[in-house]
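Student: The structure's right below; bear with me while I get my questions together.
The values are calculated or read from the model by the stated rules, or taken from the named source; none is laboratory data. Nothing here was measured: the structure is a model prediction, and the numbers come from that model. Cβ placement follows ideal geometry from the backbone for every residue including glycine, while neighbour counts extend to all protein chains displayed.
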């Protein structure tokens with residue numbers, strides 16, 4: 001966990017892998033994510049997170065529809081989680097760019113045993129937009145309950 | 001195609017824990033304005049990003065639009081740069097309400113930011129989407 005309210009770390013400490021302009025940065029297996037962002041779990045900060053998703057997809061040469069879909073999917077996942085986050089907690093998002101695919105993980109700490117509603121319009125939209133989406137529950141460091149949405153999006157036209 | 005929300009209003013807003021802005025000072029910078037280009041037609045113009053933060057303001061403006069009672073109503077989304085499911089929910093609710101009252105609802109949109117969400121959710125079928133205001137037929 002990082003203490004900064006916002007944290008972005010593309011290829012830091014691995015200059016041998018970094019490319020000029022980093023248009024097609026690839027995440028190595030088992031190492032730090034391509035980009036990690038931590039914000040306060042508040043709706044007002046979600047535009048920043050979805051802008052990063054959109055920017056990464058554009059740099060990875062995603063199809064314009066796929067960029068739009070990823071931006072919407074990330075917004076949806078973050079909005080859902082922020083609505084369930086414990087007061088004063090953080091939203092942590094990681095993005096791994098694998099050439100033709102971007103893996104996204106969004107996580108919040110919840111106040112208690114919170115169920116993520118999967119019968120909402122928003123959730124169905126998220127399932128439609130992402131090529132794959134999954135929910136994980138578990139414990140964060142410190143024993144607090146964490147709720148995670150993982151999704152991935154492919155570069156080409158998927159719909 | 002996914003099931004669209006029924007007659008229930010848009011998703012409840014998620015409280016940001018901050019005081020709501022006064023009218024005309026909407027968080028997220030959503031701009032909303034009404035115009036009446038001719039009698040019997042009212043247009044709601046929207047500019048900015050429609051997400052969980054701003055969707056409740058859009059919902060309130062759409063309710064005002066319906067309350068005006070014109071036979072033809074239009075929502076001009078040319079200035080919209082992002083449209084999330086919360087905003088789609090508000091638009092779909094308005095479309096269903098207009099259909100119930102046998103009124104014609106037009107959506108003015110050409111950008112991917114608006115058309116793509118309408119397409120992927122299958123909600124474009126609920127509106128008459130036109131590329132500009134001149135596409136709105138006379139009474």
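Student: So, residue A:73, is that one more than 7 Å from chain B (Cβ to nearest Cβ) and within 11 Å of the chain's Cα centre (by Cα) or not?
Tutor: So residue A:73 passes the test.
Student: Additional query: Within the stretch A:78-92, does at least one residue satisfy the condition of being farther than 29 Å from residue A:142 by Cβ, in contact (Cβ under 8 Å) with a residue 24 or more places away in the chain and either in contact with a strand residue (DSSP E or B) (Cβ under 8 Å, 6 or more places away or on another chain) or buried (at least 21 other Cβ atoms within 10 Å of the Cβ) (or both)?
Tutor: No, there is no match, as no residue in the stretch A:78-92 is farther than 29 Å from residue A:142 by Cβ, in contact (Cβ under 8 Å) with a residue 24 or more places away in the chain and either in contact with a strand residue (DSSP E or B) (Cβ under 8 Å, 6 or more places away or on another chain) or buried (at least 21 other Cβ atoms within 10 Å of the Cβ) (or both).
Student: Would you mind finding the one in A:138, A:156, A:88 that is in a loop (DSSP other than H, G, I, E, B) and more than 11 Å from chain B (Cβ to nearest Cβ)?
Tutor: So the residue among A:138, A:156, A:88 that is in a loop (DSSP other than H, G, I, E, B) and more than 11 Å from chain B (Cβ to nearest Cβ) is A:156.
Student: Got at least one residue in the stretch B:60-83 being within 30 Å of residue A:53 (Cβ to Cβ), out of contact with any strand residue (DSSP E or B) (no Cβ under 8 Å at 6 or more places or on another chain) and at pLDDT 95 or above?
Tutor: yes
Student: Hey, another quick one. Residue A:41 - would you say it is touching a helix residue (DSSP H, G or I) at 6+ places or on another chain (Cβ under 6 Å), crowded, with 23+ Cβ neighbours inside 10 Å and more than 28 Å from residue B:115 (Cβ to Cβ)?
Tutor: Here the answer is yes, as residue A:41 does meet what is asked.
Student: Could I ask something else about it? Take the stretch A:52-66 and flag every residue that is out of contact with any strand residue (DSSP E or B) (no Cβ under 9 Å at 6 or more places or on another chain), in contact (Cβ under 8 Å) with a residue 12 or more places away in the chain and part of a helix (DSSP H, G or I).
Tutor: Listed by number, the residues that qualify are A:54, A:65.
Student: Can you find a residue that is on the phi < 0 side of the Ramachandran plot and at pLDDT 95 or above anywhere in the stretch A:1-15?
Tutor: No.
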